[in-house]
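Chemist: Please see the structure below; I have some questions.
The values are calculated or read from the model by the stated rules, or taken from the named source; none is laboratory data. For clarity, every value in this text was computed on a predicted model and none was experimentally measured. Cβ coordinates were reconstructed from backbone atoms using ideal geometry, including for glycine residues, and neighbour counts include every protein chain displayed. Calculation scope for accessible area: heavy atoms of the full protein, side chains included, ligands and nucleic acids excluded. Shrake-Rupley method; radii C 1.70, N 1.55, O 1.52, S 1.80 Å.
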Amino acid sequence: MVERDEARLLDFNVSRRAFLGASAGLTFAITLGLGGAGGARKAHAAGGAHALNAYVSIEPNGTIRIQAPAPEMGQGVMTGLPLIVAEELDADWSRVVVEQSPIAPAYHHPIFKAQYVVASISTLGYFMPLRVAGAQARRVLIDAVAEKWGVPAAELATEPSTVVHAASGRKISYGEVAAFAKPPAHPPKIDPAKDLKPGDRFRLIGRPVERVDVVAKSTGRAAYGIDARVPGMAYATLVRAPVRGSGPMSANADAVRKLPGVVDVVMLGHGVAVVADTFAAALKARRQLKVEWKKGLPGDAIDTDRDLEKYLADGRDMKHTGVVFHSAGDAAGAIKGAARVMVGEYLSDHVYHAQMEPMNSTASVRPDGVDIWVGTQAPTRTTLDVAAALGIGADKVHVHQHFLGGGFGRRATVEASVDAALIAKAVGRPVKLVLSREDDLAAGTFRPMTTQRIEAGLDASGRIVGWRQRVVGELVGDFVYQPGYVEKSKNRDVIFMSGAMLPYYEKVANVQSEHVREPERTRVAAWRGIGSGYTKFAIESMIDEIAHAQKADPLAYRLSLTDHPRARRVLEKVAEMSGWGKQRASGTALGLAFAEYGLFAPKIGSLVAAVAEISVDRRSGRIRVHNYWAAADAGLVVNPAGFQAQMESAIVWGLSSALKEQVTMTNGVVQQSNFHEYNILRMSEVPAIHVEILRGPPPPTMVGELGVPSAAPAIANAFFALTGKRLRHVPFTPARVQAALKA
Amino acid sequence: MIQFTVNGEDARSEQPPDTPLLWVIRDELGYTGTKYGCGAAQCGACTVHVDGQPVRACVTPVSAARGRKVTTIEGLSATGDHPLQRAWIAEQVPQCGYCQSGQIMQAAALLAKNKRPTRAQIVQHMNGNLCRCGTYNRIVRAIERAAQEG
C-alpha cells in the first residue's frame, strides 16, 4: 500500500488539527435492529464511547443500509464504495440501500484523514477499510447464528444475504438474523490477510453494476447544494475581487441597499455580497453594484500573452534554475555527452473547471451551532475552515453533504461555504449563496498556464540517453492548501508537476524534471488530470518527434523504451483496437500517446494508451476527431461499468481542453465571461469513443482522471502524421492550427 | 400576479414580470429539478417546456408564461418513467447529473415532434445543451433507444 512519506504529500492540514479525536483511526462495528441508518447515525453521532462505525445496518425486513463515505460528484463512488462493503458482507446487492454518510471521523479516508475526494484515490484508499467493515459485519451475523443454533461458527457460510449451515441444511436470511442479533460489545477483529475473500470468490467486485444515483438524476430528484432550502433563508450572490489577494476598498453599497428586494450588502475581505429576498433580486441588484478594488497586487500586472513569452524565456535560461521534481541518473551529463540533442517546447493556457453547477453554499449560523448545506469535495475541511472563520469549535459546524454538479477539483476548496457562513452571520438569517456564472468564471481557480522545454540527448543509434523536462509556471499547492505547504512537502508541487517523469520508459536511464517557478499571482487549482494534462502533452509529443526523427514507427519506438509488461499491454492493445499501421482513409491520420496517472506512480499507478483519428479542415483550421481508442489498466476493477463511464468522461474532458478551452487575462482580469466565450466540447464535436479495460491485480487504482493526459498528445501526434506539422500550444484553436500549417 | 400552470397544477407568481421563469420555478414554486447553469441561454441546464416548446427558463421572463402550460422535469411523466427517462437509466447516462434535466427536456421536445429522428437530427437538436461530464454519446444512444422503444 501507500507508503507513509508519500501519503504525507497529500496529508493536508486537516490531519494536523485536533478534530474530534480523529486520531482514533477506523474502527468497525455494525448496528443491528437499531432502526436502520437513523440509529446508525445516532450511534455514530454519540461519538467514540461505543466506537460504532455504522457503515452497515441491517433491518429485519432484509434491507441493508450502507453508508457511502465519499462525496459523489459523478465519479461513481456512491456506487463503487458501498459495493466493496457489500462484497465482503456477502450482501444481496438488490437489497442494499446506499446513503450518503454523515461527515464524521469514522468515515475518513485513511490517507487524507478526512472526507475528501481528490486525486482519484477514493477507491484505492477506502478499499481495504471497507472490505474489513463488510467482513466484520458478516462475522457478527455468523456469530449470532452460531450462538442461536448452537453450532461452531466455522461450520457456517454465507450466500447473498443468507447464513447457511451446510451440515444441517439450515438457512437464515440476514434480515431474520438482524431481528434477534445484538451488536457485540467489542467488534470482532478482522485479519485482512486471513479473513477477506480471495478475489476469485468475488460476486460483485469486477462485474458491471448500475449506479445508485441514476434514477434520481434522471427524474430531477437528486439534491445538489444549490437545491438546499432552509426556512427563512435569504439569497446572496457575491462578486469577488478580480485579482488574487485583492479586496474591496469601497462600493456603492448604500445605493444597492435601496434596490427592490435587497436585504443588505455585505463587505467581505475578498469580495462584496448582495443579499436579497430572492435570488433573482440579488442578481439584478448585483448588476448595479460598483466596487473599487485594492490595487498594487502582483496579479494586477498579469497579461497572459506577454507572460507566456516570459515563461518561454525562463524555460530556456538555464541560469533560471528549477526545483527538481524527479531525478534518476545524470540527465545533464548524459545530454552533454550525447551524439545529438533534440529540443521541444510546448505551451498550455489557463483552463477553467466550468463545472455546470455554479459555486454555492447555504449556511445557517446560530449561537448553538452552524449548519452548512453544500456539495463539496472537502466536507471535513468545510467544517474546519468555517469554524476557523467564525471563531468557533469545529464540533459546532454540521455539514450536510449534497451531490456535486461537477467537482473536477473546483470543489476541493471551500471558500463558498466560508463566505456563506460569514454572510449569514452578518445578516442574522440563513443565507443561500450562489455565484452567477460570470462571477464564478471571473474569480475561477484555474489549472495554471505553462511552458515546457524538453531536451533529449540521443546516442548515435537514436536511443534516448538523457532527458530533461523543465516545466514553467506558478505554484499550485500553496494556494490550494496554505502558504508554505509545498515547501513542507519536500518542496514538490505534485499538483503542478504530476506526470513529469518517465517511469514506464525505464530504458531512458537519465531523467530529470524541474519546476521553474513563476511569481504566484493567479488563483490556481487542481483541475481534472492536474499537471499530467500538460506534462504528458509535452512528453508524448516529444517522444513522437524523436520517433519520427529516427524514421521509426511511434508505436515501435515506444515499445523499444519499455519492457514493463503493463505498459506494453496497453500499447499493444490500443494498437490492435485502432488498426494501427493499417492504411487509413484519405484525409485522416492516427496519433498515439501513452501515460501513467497517479500521485504515487510508478509504485501505484494507472496506465492508459490512446489513439486519436483526426482530420483537419485546412481552410477553417478546425480539427475533427473521428475516433478515439483507449486501453486502460487501473489494477483491480471494482465496477467496470463505472470505469467505462469515467474513461469516456475523462476522454471528452481531455479532448475539450486540447481543442477549445482557454482563459486569458489582461491587467489581471479574466477576459471570458460565460459559455459563449469559454467554449467546451459540444455533442457535435465528440468522436466515437472505444474503451477497453485491461484488468489487473489489486489494489484498484486511479480511474477518474486517467482518460485526460493522453488526449492532447494523441491529437497533436495525429496532426503531425497528417500534415507533417507540430502543434505545440494547447488548446489547438483554429488560429493556432492555421499558423502551424503555414509554418 | 402572474398565473399559469406547472405540471398540470395551477401556479402563481408574485414576482416582478421580468423575473426569469427559472427562479420562479425553483425558488418560488420549489421545483428544483430545473437547474441554473449560465443565466444566458448558453448551456441548456434550465430547459423546460412552455406549451410544449423547449425554452431556456433562465432568459424567459415569468410574464411570458402567463396563462400557459409549463412543464418541468418533475412533470414530464407522473411516475418518472417517460421513455426518455427509462432510456437514460438503461444507458446509464448521468454522471454528476446536473445538466440532465435540461438534456431530457430538450430531447423530449424533439421526440414529441419527430418520433424517429436521425442521429444528425438528434445532434443538431441537442447541440446547445452542454454536459461537462461528457456524457454526449450516451445521450445520443438514450434518445435513439427511447425513439425505438417508445
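Chemist: Can you pull out the residues in the range B:62-102 that are part of a helix (DSSP H, G or I), under 14 Å from A:Gly220 (Cα atoms), touching a Gly at 6+ places or on another chain (Cβ under 7 Å) and not hydroxyl-bearing (Ser, Thr, Tyr)? Spell out how you get there, then give the answer.
Modeler: Let us first name the residues in the range B:62-102 that are part of a helix (DSSP H, G or I), namely B:62-65, B:73-75, B:83-90, B:100-102.
Among the residues that remain, those that are also under 14 Å from A:Gly220 (Cα atoms) are: B:73-75, B:84-86, B:88-89, B:100-102.
Retained after the next criterion (residues that are touching a Gly at 6+ places or on another chain (Cβ under 7 Å)): B:73-75, B:101-102.
Selection gives B:Ile73, B:Glu74, B:Gly75, B:Gly102.
Chemist: Has the range A:546-564 got any residue that is assigned to a loop (DSSP other than H, G, I, E, B) and free of Cβ contacts under 8 Å to residues at least 40 places away in the same chain?
Modeler: Initially, the range A:546-564 is screened for residues assigned to a loop (DSSP other than H, G, I, E, B), giving A:550-553, A:560-564.
Then drop every residue that is not free of Cβ contacts under 8 Å to residues at least 40 places away in the same chain, which leaves A:551, A:553.
Yes, that holds for at least one residue.
Chemist: Separate question: Being in a helix (DSSP H, G or I), of a type in the set (D, E, K, R) and touching a residue at least 40 places away in the same chain (Cβ under 8 Å) is true for just one of A:Arg569, A:Arg521, A:Arg528. Which residue is that? Break it down stepwise before answering.
Modeler: On the way: A:Arg521 fails: in a helix (DSSP H, G or I); A:Arg528 fails: in a helix (DSSP H, G or I).
Matching residue, one of A:Arg569, A:Arg521, A:Arg528: A:Arg569.
Chemist: What do you reckon, is A:Asp264 in the same structural domain as A:Ala389 (by TED's automatic domain parsing) and in contact (Cβ under 8 Å) with a residue 60 or more places away in the chain?
Modeler: yes
Chemist: What is the residue count in the range B:33-57 for residues that are open to solvent by less than 30 Å² (accessible area, probe 1.4 Å) and facing another protein chain (nearest Cβ under 8 Å)? Let's see the steps before the verdict.
Modeler: Step one: filter the range B:33-57 for residues open to solvent by less than 30 Å² (accessible area, probe 1.4 Å), giving B:33-38, B:43-50, B:57.
Subsequent filtering for residues that are facing another protein chain (nearest Cβ under 8 Å) retains B:33-38, B:43, B:45.
Within the range B:33-57, residues that are open to solvent by less than 30 Å² (accessible area, probe 1.4 Å) and facing another protein chain (nearest Cβ under 8 Å) number 8.
Chemist: Can you name the residue in the range A:624-654 that is in a loop (DSSP other than H, G, I, E, B) and in contact with a strand residue (DSSP E or B) (Cβ under 9 Å, 6 or more places away or on another chain) and, of all such residues, is nearest to A:Arg558 (Cα to Cα)? Please lay out each step first, then the result.
Modeler: Here is the first cut: in the range A:624-654, the residues in a loop (DSSP other than H, G, I, E, B) are A:634, A:636-639.
Keeping just the survivors that are in contact with a strand residue (DSSP E or B) (Cβ under 9 Å, 6 or more places away or on another chain) gives A:634, A:636-638.
On the way: A:Ala634: 20, A:Leu636: 25, A:Val637: 26, A:Val638: 30 Å.
For the range A:624-654, the residue satisfying everything is A:Ala634.
Chemist: So, in the range A:507-547, of the ones that are of a type in the set (S, T, N, Q) and open to solvent by 10 Å² or more (accessible area, probe 1.4 Å), which residue ends up nearest to A:Arg726 (Cα to Cα)?
Modeler: Residues of the range A:507-547 that are of a type in the set (S, T, N, Q), as a first pass: A:510, A:512-513, A:522, A:532, A:535, A:541.
Pick out the ones that are also open to solvent by 10 Å² or more (accessible area, probe 1.4 Å) and you get A:510, A:512.
Numbers: A:Asn510: 26, A:Gln512: 24 Å.
The selected residue is A:Gln512.
Chemist: For the range A:211-263, which positions are open to solvent by 20 Å² or more (accessible area, probe 1.4 Å) and of a type in the set (Gly, Ala, Ser)?
Modeler: Matches in the range A:211-263: A:Ala216, A:Ala223, A:Gly232, A:Gly245, A:Ser250, A:Ala251, A:Ala255, A:Gly261.
Chemist: Could you please find all residues in the range A:70-88 being touching a residue at least 60 places away in the same chain (Cβ under 8 Å) and within 15 Å of A:Arg131 (Cα to Cα)?
Modeler: Applying the first criterion (touching a residue at least 60 places away in the same chain (Cβ under 8 Å)) to the range A:70-88 yields A:71-76, A:78-80, A:82-84, A:86-88.
Across the range A:70-88, the qualifying residues are A:Thr79, A:Gly80, A:Pro82, A:Leu83, A:Ile84, A:Ala86, A:Glu87, A:Glu88.
Chemist: Next question. Find the residue count for the range B:11-26, including only residues that are facing chain A (nearest Cβ under 10 Å) and either assigned to a strand (DSSP E or B) or at pLDDT below 95 (or both).
Modeler: Residues in the range B:11-26 being facing chain A (nearest Cβ under 10 Å) and either assigned to a strand (DSSP E or B) or at pLDDT below 95 (or both): 1 in total.
Chemist: Okay, next question. State all residues of the range A:669-708 that are buried (at least 22 other Cβ atoms within 10 Å of the Cβ) and touching a Pro at 6+ places or on another chain (Cβ under 8 Å); if no residue qualifies, say none.
Modeler: A:Val670
Chemist: Mind telling me which of the residues A:Lys290, A:Lys336 ends up being among the basic types (Lys, Arg), open to solvent by 20 Å² or more (accessible area, probe 1.4 Å) and within 28 Å of A:Ala389 (Cβ to Cβ)?
Modeler: Details: A:Lys336 fails: within 28 Å of A:Ala389 (Cβ to Cβ).
The match here is A:Lys290.
Chemist: Let me ask something else. So, in the range A:212-232, of the ones that are within 10 Å of another protein chain (Cβ to nearest Cβ) and assigned to a loop (DSSP other than H, G, I, E, B), which residue ends up farthest from B:Ile139 (Cα to Cα)? It would help to see each step written out before you state the result.
Modeler: If we filter the range A:212-232 for residues that are within 10 Å of another protein chain (Cβ to nearest Cβ), which is where we start, we get A:213-224, A:226-229.
From what's left, assigned to a loop (DSSP other than H, G, I, E, B): A:213, A:219-223, A:228-229.
Working: A:Asp213: 17, A:Thr219: 15, A:Gly220: 16, A:Arg221: 19, A:Ala222: 18, A:Ala223: 21, A:Ala228: 27, A:Arg229: 30 Å.
The selected residue is A:Arg229.
This table checks each residue for (1) β-branched (Val, Ile, Thr); (2) open to solvent by 10 Å² or more (accessible area, probe 1.4 Å); (3) not assigned by TED's automatic domain parsing to the domain that holds B:Gly52.
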residue: B:Ile89; (1), (2), (3): yes, yes, yes
residue: B:Gln92; (1), (2), (3): no, yes, yes
residue: B:Cys99; (1), (2), (3): no, no, yes
residue: B:Ile104; (1), (2), (3): yes, no, yes
residue: B:Pro117; (1), (2), (3): no, yes, yes
residue: B:Gln124; (1), (2), (3): no, yes, yes
residue: B:Leu130; (1), (2), (3): no, no, yes
residue: B:Thr135; (1), (2), (3): yes, no, yes
residue: B:Ile143; (1), (2), (3): yes, no, yes
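Chemist: Out of all the residues in the range A:610-639, which are more than 20 Å from the chain's Cα centre (by Cα) and open to solvent by less than 10 Å² (accessible area, probe 1.4 Å)? Walk me through how you get there before you give the answer.
Modeler: Going through the range A:610-639, the residues more than 20 Å from the chain's Cα centre (by Cα) turn out to be A:610-629, A:631.
Across the range A:610-639, the qualifying residues are A:Ala610, A:Val611, A:Ala612, A:Ile614, A:Gly621, A:Val625, A:Tyr628, A:Ala631.
One line per residue, one yes/no per condition, for (1) closer than 16 Å to A:Gly529 by Cβ; (2) without any contact (Cβ under 8 Å) to a residue 12 or more places away in the chain; (3) polar (S, T, N, Q):
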site	(1), (2), (3)
A:Pro640	no, no, no
A:Leu655	yes, no, no
A:Gln671	no, yes, yes
A:Ile680	yes, no, no
A:Ala688	no, no, no
A:Val691	no, no, no
A:Gly696	no, no, no
A:Glu705	yes, no, no
A:Ala711	yes, no, no
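Chemist: Considering only the range A:480-506, how many residues are buried (at least 19 other Cβ atoms within 10 Å of the Cβ), touching a Ser or Thr at 6+ places or on another chain (Cβ under 8 Å) and farther than 19 Å from A:Gly322 by Cβ?
Modeler: So the answer is 3.
Chemist: Now a separate question. Go through the range A:715-737 and report how many residues are open to solvent by less than 20 Å² (accessible area, probe 1.4 Å) and either among the polar types (S, T, N, Q) or more than 22 Å from the chain's Cα centre (by Cα) (or both).
Modeler: Residues flagged as open to solvent by less than 20 Å² (accessible area, probe 1.4 Å) and either among the polar types (S, T, N, Q) or more than 22 Å from the chain's Cα centre (by Cα) (or both) within the range A:715-737 amount to 8.
Chemist: Shifting gears a bit: For residues that are more than 30 Å from A:His353 (Cβ to Cβ) and surrounded by 20 or more Cβ atoms within 10 Å (Cβ to Cβ), scanning just the range B:58-74, find the one that is nearest to the other protein chains (Cβ to nearest Cβ). Even if it seems obvious, please write down each step before you answer.
Modeler: Here is the first cut: in the range B:58-74, the ones more than 30 Å from A:His353 (Cβ to Cβ) are B:61-71.
Now restrict to residues that are surrounded by 20 or more Cβ atoms within 10 Å (Cβ to Cβ): B:62, B:65, B:70-71.
Numbers: B:Val62: 9, B:Ala65: 14, B:Val70: 14, B:Thr71: 11 Å.
Here the answer is B:Val62.
Chemist: Might you let me know whether the range A:581-592 holds any residue that is of a type in the set (D, E, K, R), away from every other protein chain (no Cβ under 14 Å) and in a strand (DSSP E or B)? Please lay out each step first, then the result.
Modeler: At the first step, the residues of the range A:581-592 found to be of a type in the set (D, E, K, R) are A:582, A:584.
Next, from what is left, pick out any that are away from every other protein chain (no Cβ under 14 Å): A:582, A:584.
The next check asks that each one be in a strand (DSSP E or B); those that pass are none.
No, the range A:581-592 contains no residue that is of a type in the set (D, E, K, R), away from every other protein chain (no Cβ under 14 Å) and in a strand (DSSP E or B).
Chemist: Yes or no: A:Ala276 crowded, with 19+ Cβ neighbours inside 10 Å and in contact with a strand residue (DSSP E or B) (Cβ under 6 Å, 6 or more places away or on another chain)?
Modeler: When the stated conditions are applied, A:Ala276 passes them.
Chemist: Right, another one. Within the bounds of the range A:604-623, is there any residue that is in contact with a His (Cβ under 7 Å, 6 or more places away or on another chain), touching a residue at least 24 places away in the same chain (Cβ under 8 Å), assigned to a strand (DSSP E or B) and small (Gly, Ala, Ser)?
Modeler: Yes: one or more hits.
Chemist: Would you pick out the residues in the range B:136-150 that are within 23 Å of B:Gly75 (Cβ to Cβ) and within 11 Å of chain A (Cβ to nearest Cβ)? Working first, answer last.
Modeler: Going residue by residue through the range B:136-150, those that are within 23 Å of B:Gly75 (Cβ to Cβ) are B:139, B:142-143, B:145-147, B:149-150.
Within the range B:136-150, B:Ile139, B:Ala142, B:Ile143 meet the criteria.
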